[in-house]
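Chemist: Sharing a structure below in structure tokens format, with a few things to ask.
The values are calculated or read from the model by the stated rules, or taken from the named source; none is laboratory data. Note that this is a predicted model, so its numbers are computed, not measured. Note that we place each Cβ from the backbone using ideal geometry, even for glycine, and neighbour counts take in every protein chain shown. Quick note on the areas: whole protein, heavy atoms, side chains included, nothing else; ligands and nucleic acids left out. Shrake-Rupley method; radii C 1.70, N 1.55, O 1.52, S 1.80 Å.
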Amino acid sequence: MRQTAFAVLALLLFPAVPLCAQTQITSTIDPTKAASVLRIAIPSPEMTGVTFTDVDAPLFKPLTRDISESGIFAIAPLPPNVTITPEVLQRINAQLLLKLAVKKEGEDFVLEARLSDATGAPQFGKKYRGSAAALTRIAHMVAADLVRSLNGKPGPFLSQIAFASDRDGHWEIWLMDWDGGNQRAITHHGALSILPSWSPDNERMVYTSFAGGTSEMYVISRRGGARTRISTGLALNTSATFSPVSNDIAFVGSVAGNPDIYVIKDDGSNRRRLTTASSIESTPEWSPNGRQISFTSGRSGSPQIYVMDAEGTNVRRISFDGDWNDDATWSPDGEQIAYTSRVNGRFQIRVANLITGESRILAGEGSNEQPTWSPDGKWLAFQSNRSGKWQIYRMRIDGTGIEQLTSSGENKDPDWSKKSE
Amino acid sequence: MKKTSKAFAWTLVVVVLGLFAMACPKKPPIKTQPPVVESTPPPVVAPPPVETKVENKDFVQEPPQVKQETLPSDIEELNRVAQNRGYIKDAFFGYDESTLSADAQAALTASANWLKGDGKAYNLLIEGHCDERGTEQYNLALGDRRANTAKEYLVTLGVDASRIRTVSYGEERPFDPGHDESAWSKNRRDHLVIVGK
């Protein structure tokens, strides 16, 4: 009764609900429940001129997987062949209902998605149109829109993970969707190409390739095509990473065997040296606001994580546990750093809170390295050799929900796109 | 007397016959010896060394020529031969180390001698390699330091710095794909590669 009253009030306040209703859900759903997971019912889709096999694997499976992994929704199982009524929804304890209808118009598929609460009050509605090849992208778009309609943020469903793979005989730079789908090669150097890193606008990647006989930095569009070599005048040119706020690239350069952290503009101009110690420095990574850079240094006698201001000043050590730490990467809110930490002779992912100084290990089998945060800060992708080969995995930041994303050849160096879409 | 002498003569005959009879079975083994003698001709073929000695005396300049012919023109084959014969030697490192051990210094000294002598027409690429126990990104930097440590040492031994290039492969290209110390110790190295003139 109370819920219905709220819904009626919501309808009066927002008469034109069908396509945007982001705030209404808070008026119909108990706020304490909204903070945890919402139970959502998803009946079999209505199909016109489309067979279930046309759309099951490319559309419904990834969509329901996204929804169930969103951390916001839990799918409430529906009894088969039942007409959906408010009573049915109440019986299965569903707070939301997602109705899907898909039809074919020429070569295009048209998907209509409508979200309503248990009383039938509309929360969200949108039409999506695309070719058969676009169906999986549509699935991720629907999931992103659903999550955004509830908490204002799109979730990780449209983000991309760049990585290196040797499946075609050489290490090349590849891309995949957040769930491991749609894996495709971006480079075709036929050489050793590794360590991709996204630009903040998700349009480009910088990486290291030995295509010219020695290691050099290249920039390439996410769509592939021509690559640009960034001439640094230094050796190594590894661990390159775009600044989140400018067109600077931080990287490891070396003169006469002394690797240090350098910054250079993406057109190859204005090279600056940030570290000057005689020890080995490696693996720079910008803080999300671009004001600080974390890096690895052997200055204490073993590789440890340090943070400095983006000008190279104010250096302080932040890792004290583990005899080999590397691969530091900042959470999107800048409060945590995940890194590779050797514990009892095995590499594990460690997450350190920069405010409290505390850290925790996300333990797993095998060696686990190179963590990278999802743009919503709720997931970490990393590489592990637990299967006997290097593969890329994904887990929640509490270490649960581990899923293997790659399986062809060996795969490593994951870097999650900085933007959600 | 006659009887005794006759008897003596008979006994002699018997003894001699007996000796013959005993000796007879021993003959076949003696006969089998010739095949053994026949199987010895190979030693007889041995003389050729003498012939080559004669050649060496006749052509004093020949040894260096022979040596040059064994250096293949194909650069990969040349590297194989040079490594096999120890003209150039890879330098090995301790775990997370980039300093040169006595063995590594000896290997580089041998390499420097060849580079300054018979190999003076060639340039050198030093590849720095690491074992898999470190992390990929730090190991790329460590491999760079290892390669440059060897380069500096070769330069102090008189090899022109302009002839030496370095590259780090970190842990990307292990020599031994195994996952034990036997493999790791092989993978922590500066690999010396002869490159074009």
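Chemist: Against the conditions (1) within 20 Å of residue A:291 (Cα to Cα); (2) in contact with an Asp or Glu (Cβ under 7 Å, 6 or more places away or on another chain); (3) open to solvent by less than 20 Å² (accessible area, probe 1.4 Å), where does residue A:373 fall short? Just the number, please.
Modeler: (2)
Chemist: Under 6 Å between Cβ atoms, at least 6 apart or on separate chains: pull out the pairs that start in the stretch A:127-147 with a residue that is in the same structural domain as residue A:54 (by TED's automatic domain parsing) and end on any residue that is hydroxyl-bearing (Ser, Thr, Tyr) and open to solvent by less than 40 Å² (accessible area, probe 1.4 Å).
Modeler: Going by the 6 Å Cβ cut-off, the qualifying pairs are A:138/A:128; A:147/A:70.
Chemist: Cβ contacts < 6 Å: first residue at the interface with chain B (Cβ under 10 Å from one of its Cβ atoms), restricted to the stretch A:267-283; second residue in a loop (DSSP other than H, G, I, E, B) and at pLDDT 95 or above, any location; separation 6+ or different chain. Result?
Modeler: A:279/A:298; A:279/A:299; A:280/A:298; A:281/A:275
Chemist: From the set of residues in the stretch A:181-195 that are buried (at least 20 other Cβ atoms within 10 Å of the Cβ) and part of a loop (DSSP other than H, G, I, E, B), which is nearest to the other protein chains (Cβ to nearest Cβ)? Can you show your working first?
Modeler: At the first step, the residues of the stretch A:181-195 found to be buried (at least 20 other Cβ atoms within 10 Å of the Cβ) are A:186-187, A:193-195.
Of the ones still in play, those that are also part of a loop (DSSP other than H, G, I, E, B) are A:186-187.
Working: A:186: 19, A:187: 16 Å.
If we take residues in the stretch A:181-195 being buried (at least 20 other Cβ atoms within 10 Å of the Cβ) and part of a loop (DSSP other than H, G, I, E, B), then A:187 is nearest to the other protein chains (Cβ to nearest Cβ).
Chemist: Which of the strands (runs of 3 or more DSSP E) contained wholly in the stretch A:319-411 include at least 1 residues that are at positive phi? Full working, then the answer.
Modeler: Numbers: elements: A:325-330, A:336-343, A:346-353, A:359-362, A:368-373, A:379-384, A:391-396.
Where strands (runs of 3 or more DSSP E) fall fully within the stretch A:319-411 and carry at least 1 residues being at positive phi, they are A:325-330, A:368-373.
Chemist: Still on this structure, I have one more. Taking the options B:140, B:108, name whichever one is part of a helix (DSSP H, G or I), among the aliphatic types (A, V, I, L, M), within 9 Å of chain A (Cβ to nearest Cβ) and at negative phi.
Modeler: Values: B:108 fails: within 9 Å of chain A (Cβ to nearest Cβ).
Every option except B:140 fails the conditions.
Chemist: Check A:328, A:381 and return the single one that is within 13 Å of chain B (Cβ to nearest Cβ), among the aliphatic types (A, V, I, L, M) and open to solvent by less than 20 Å² (accessible area, probe 1.4 Å).
Modeler: Of A:328, A:381, the one residue that is within 13 Å of chain B (Cβ to nearest Cβ), among the aliphatic types (A, V, I, L, M) and open to solvent by less than 20 Å² (accessible area, probe 1.4 Å) is A:328.
Chemist: So, one more: Answer with yes or no whether residue A:169 is within 30 Å of residue A:73 (Cα to Cα), out of contact with any strand residue (DSSP E or B) (no Cβ under 9 Å at 6 or more places or on another chain) and assigned by TED's automatic domain parsing to the domain that holds residue A:251. If you could, list the steps in order and put the result at the bottom.
Modeler: Numbers: within 30 Å of residue A:73 (Cα to Cα): no; out of contact with any strand residue (DSSP E or B) (no Cβ under 9 Å at 6 or more places or on another chain): yes; assigned by TED's automatic domain parsing to the domain that holds residue A:251: yes.
In short, no.
Chemist: Here's something else I'd like to know. Quickly run through the stretch A:155-168 and pick out the residues that are over 13 Å from residue A:374 (Cα atoms) and either within 14 Å of another protein chain (Cβ to nearest Cβ) or modelled with pLDDT under 95 (or both).
Modeler: Let us first name the residues in the stretch A:155-168 that are over 13 Å from residue A:374 (Cα atoms), namely A:163-168.
Hits for the stretch A:155-168 are A:163, A:164, A:165, A:166.
Chemist: Look through A:178, A:171 and report the one residue that is within 19 Å of residue A:406 (Cα to Cα) and within 13 Å of chain B (Cβ to nearest Cβ). Can you show your working first?
Modeler: Values: A:178 fails: within 13 Å of chain B (Cβ to nearest Cβ).
Only one candidate passes the filter, namely A:171.
Chemist: Can you tell me which residues in the stretch B:152-179 are modelled with pLDDT under 95 and over 27 Å from the mean Cα position of the chain (by Cα)? Give the derivation first.
Modeler: Of the stretch B:152-179, the ones modelled with pLDDT under 95 are B:177-179.
Correct list: B:179 only.
Chemist: Filter the stretch A:242-267 down to the residues that are open to solvent by 30 Å² or more (accessible area, probe 1.4 Å) and closer than 13 Å to residue A:217 by Cβ and list them by number.
Modeler: A:265, A:266, A:267
Chemist: Every residue in the stretch A:196-228 that is closer than 22 Å to residue B:128 by Cβ, part of a strand (DSSP E or B) and open to solvent by 10 Å² or more (accessible area, probe 1.4 Å), please.
Modeler: A:216, A:218 - these are the residues of the stretch A:196-228 that are closer than 22 Å to residue B:128 by Cβ, part of a strand (DSSP E or B) and open to solvent by 10 Å² or more (accessible area, probe 1.4 Å).
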